[in-house]
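The values are calculated or read from the model by the stated rules, or taken from the named source; none is laboratory data. These numbers come from a predicted model, not from an experiment. So basically every Cβ, Gly included, is an ideal-geometry build from the backbone, and we count neighbours across all protein chains shown.
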């Protein structure tokens, strides 16, 4: 790019920069933060250096999901405004070496973050980490634009609901072609899909038409692990943990088989389906 | 009877309902986000109709109406004049059927071209 000899400062920048991936959805409450925490954990467990950035200024949550709420001393705006260095603000994960969190400012407004500053911050993180996952706030306003600004890739999280798909459709339109968005269908209930009472992954993606990164079933263990502040992906043995690890492998460029979520119906579920199910 | 049984054994698949509602809502969303596409469609629509009848271009209205299960385009195209049938001739697009023949039911399946031409001639002769 530069024809002239690079100056010393430029030469100090590593040639290979990490990938900044924004995790977004438009609609709130579909599981962006949980997805960010688990994907970050799974990527870090593969040995990658991962920074998780909570871009939801004013509604900080990623620290809670990671169980790091008591360790956050500085936040993203501190770094941008010079109140703290990046090293002071980055909080290491309790469980996973090489995973670090940059928390959002809790008592500030999204509008206070200039987009250029946000982009510059993500660039700095890309110099030090293999992956920078940005947890995007709900909505499509300033906070969304900021979260997206520094990213090169996007992962959209969608639940099998009319409202969520509609919002993701809008977000895809706003993202354009630049971010190569991939889809995670979250909170799928295979039993309901089987009985025709929920949109299937195929239904959702017939509309969104994105490369499918993965499918996460609606499991109680996600709520339990979130309660404890221990990302589910710390364990690979369960179906959901394995699904996050499969997604991480796919992000890393491995050829992973197409994700499936089996309907594991309980006896009572079957009885219910037999009597009250499909008309 | 089937309806009664359906009602007795629970509602029909709500997943299918969700799918249908989603498709409809997205069609409406996409239309709302593409005013220039609607304008382009309106222009072409007027152009096609104008080949056959004289249209009041200023007063053409195109609207989209949403019903429970479908989206419909409603076009209001005021017609200023219709030429006498004998004066009408396809000015453009020779592929398109002449207005007189437009009412002819479209034959199902492919038809040899020659045969179709002959039929056209046969129809035109008595007129």
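Some values worked out for this structure:
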{"item": "Any hit, region A:220-231, residues being on the phi < 0 side of the Ramachandran plot, in contact with a helix residue (DSSP H, G or I) (Cβ under 8 Å, 6 or more places away or on another chain), in a loop (DSSP other than H, G, I, E, B) and free of Cβ contacts under 8 Å to residues at least 60 places away in the same chain", "result": "no"}
{"item": "Within region B:51-60, tally of residues that are part of a strand (DSSP E or B) and touching a helix residue (DSSP H, G or I) at 6+ places or on another chain (Cβ under 9 Å)", "result": "1"}
{"item": "Residue in region A:161-177 that is farther than 21 Å from residue A:20 by Cβ and in contact with a strand residue (DSSP E or B) (Cβ under 7 Å, 6 or more places away or on another chain) present", "result": "yes"}
{"item": "Single condition residue A:263 does not satisfy, out of (1) modelled with pLDDT of 95 or more; (2) within 14 Å of chain B (Cβ to nearest Cβ)", "result": "(1)"}
{"item": "Failed item in (1) at pLDDT below 95; (2) out of contact with any helix residue (DSSP H, G or I) (no Cβ under 8 Å at 6 or more places or on another chain); (3) crowded, with 24+ Cβ neighbours inside 10 Å, with residue A:57 passing the rest", "result": "(2)"}
{"item": "Top-ranked residue in region A:178-209 [being within 14 Å of chain B (Cβ to nearest Cβ) and in a loop (DSSP other than H, G, I, E, B); ranked as surrounded by the fewest Cβ atoms within 10 Å (Cβ to Cβ)]", "result": "A:209"}
{"item": "Qualifying residue in region A:76-88 (condition: crowded, with 18+ Cβ neighbours inside 10 Å, over 19 Å from the mean Cα position of the chain (by Cα), over 21 Å from residue A:179 (Cβ atoms) and without any contact (Cβ under 8 Å) to a residue 24 or more places away in the chain)", "result": "no"}
